[in-house]
Each structure stands twice: as C-alpha cells, then as structure tokens.
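Just below is one structure, and these are the notes that go with it.
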Ligand SMILES: [Zn+2]
Ligand SMILES: [Zn+2]
C-alpha cells in the first residue's frame with residue numbers, strides 16, 4: 001500500500017514509505033489555530049527520510065528561542081504539507097489533512113487542550129494534555145521512532 005497525499009491545488013504530491021496510515025494527534029494551541037485557520041491542527045509524525053515529495057515546495061522558517069521550525073508548503077497554493085524542527089532531528093510532522101483517505105485517520109491524543117475551542121467535545125478515553133505532553137508519552141502513543 002502506498003500512503004500518499006498532496007496540497008489543495010494538486011501541484012505538490014508526496015508519498016510516505018510506511019505500511020499504513022499513521023496515527024495522528026490534534027494540537028489545540030493558539031499557534032496551530034492561527035496557522036490552520038481552524039480549531040486545531042491534526043498531525044502525524046513520520047521519519048523525515050520516509051517522505052518523497054514532488055512539485056514546487058516553498059520553505060518557511062519560523063525561528064523561536066529554542067528551535068527553528070522549517071515548514072514545507074506548496075509554492076503555488078501555500079497549503080502546509082509538513083515541517084521539521086531542530087529539537088526533533090530526523091522526524092517530520094505531516095499535516096494530516098493533506099493525506100489522501102484522511103477520513104480513515106485515527107486521532108490518538110489531544111494536546112494544548114487549555115486553549116481548545118469550547119464548542120468542541122473530545123471523545124472520552126482519548127489521552128489529552130492541557131499543555132505540551134511529555135515527548136515520550138506522545139511518541140509512545142504515535143509509535144514514532146527516532147531514526148538512528
Ligand atoms: Zn498546491
Ligand atoms: Zn499547536
């Protein structure tokens with residue numbers, strides 16, 4: 001099975017060299033709300049080396065005190081595709097809504113729920129954290145492995 005996705009306009013397409021649709025999590029922080037223009041950002045973490053992209057990718061670097069987040073977006077329609085960040089070398093955060101068959105995705109965790117929009121009711125039993133989760137806890141839920 002090929003896991004594939006792409007941007008809104010179709011100029012950028014990508015494949016993920018993984019066996020199945022990846023588990024995802026939702027981040028409800030204000031930055032993700034602003035960046036997505038929506039209630040939360042839904043994301044999957046995959047090895048950066050597993051991503052193969054075609055099309056006109058543009059790069060946007062967001063530098064903060066302790067990290068640089070390098071965002072890959074479609075150079076035509078500017079849809080965000082994925083990012084890497086200097087605190088998580090080798091891992092990429094894919095915008096899950098860009099995946100084909102996104103309706104089949106599972107969401108296994110909710111983070112930064114302190115700023116969650118109030119109308120949104122989260123399912124019981126899905127782990128959630130009001131702020132950032134411990135990195136190991138989220139990685140365990142996602143089955144994300146740091147490449148060597
Ligand atoms: Zn596009
Ligand atoms: Zn966020």
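Just subtract the alpha-carbon distance of residue 59 and residue 8 from 0.36 nm times their residue separation and send over the number in nm, one decimal. Display every interim value, and only then the final one.
Numbers: separation 51, 0.36 × 51 = 18.36 nm, distance 1.67 nm.
Once the chain is fully extended between residue 59 and residue 8, it gains 16.7 nm.
Give me the distance in nm between label points sitting 7 Å out from Cα along the Cα-to-Cβ direction at residue 108 and residue 126, one decimal.
Once both label points are built, they end up 1.4 nm from each other.
In percent, how large is the relative contact order of the chain, given Cα pairs closer than 8 Å and 6 or more residues apart?
RCO, the chain: 27 percent.
For residue 140 and residue 118 in the same chain, what is the full-extension length gain: residue separation times 0.36 nm, less their Cα-Cα distance, in nm?
The residue 140-residue 118 span can extend by a further 5.2 nm.
Take 38, 115 and order them by how many other Cβ atoms sit within 10 Å, fewest up front.
Values: 38 12, 115 15.
Starting with the residue having the fewest Cβ neighbours, the order is 38, 115.
Looking at the chain as a GNM with Cα springs under 10 Å, which of 120, 105, 21 has the largest mean-square fluctuation?
In the Gaussian network model the winner is 120.
Which order results if 111, 3 are arranged by neighbouring Cβ count within 10 Å, fewest first?
Placing the least packed residue first, the sequence is 3, 111.
Using the alpha-carbon centroid of each, what span in Å lies between segment 68-136 and segment 1-46?
7
Per DSSP H run of at least 4 residues, take -39500 (n - 2.57); add these up for the chain, divide by its residues and hand me the 222 nm value, nearest 500 deg cm²/dmol.
-2500 deg cm²/dmol
Kindly give the semi-axes, whole Å and largest first, of the ellipsoid equivalent to the chain, taking each as the square root of 5 times a Cα gyration tensor eigenvalue. Walk me through the numbers on the way to the answer.
On the way: eigenvalues 102, 60, 56 Å².
So the three semi-axes of the chain are 23, 17, 17 Å.
Values in this text are rule-based calculations from the coordinates and carry no lab data. What you see is a predicted model, and the numbers here were worked out from it, not measured in a lab. Neighbour counts run over all protein chains shown; Cβ positions are idealised from the backbone, glycine included.
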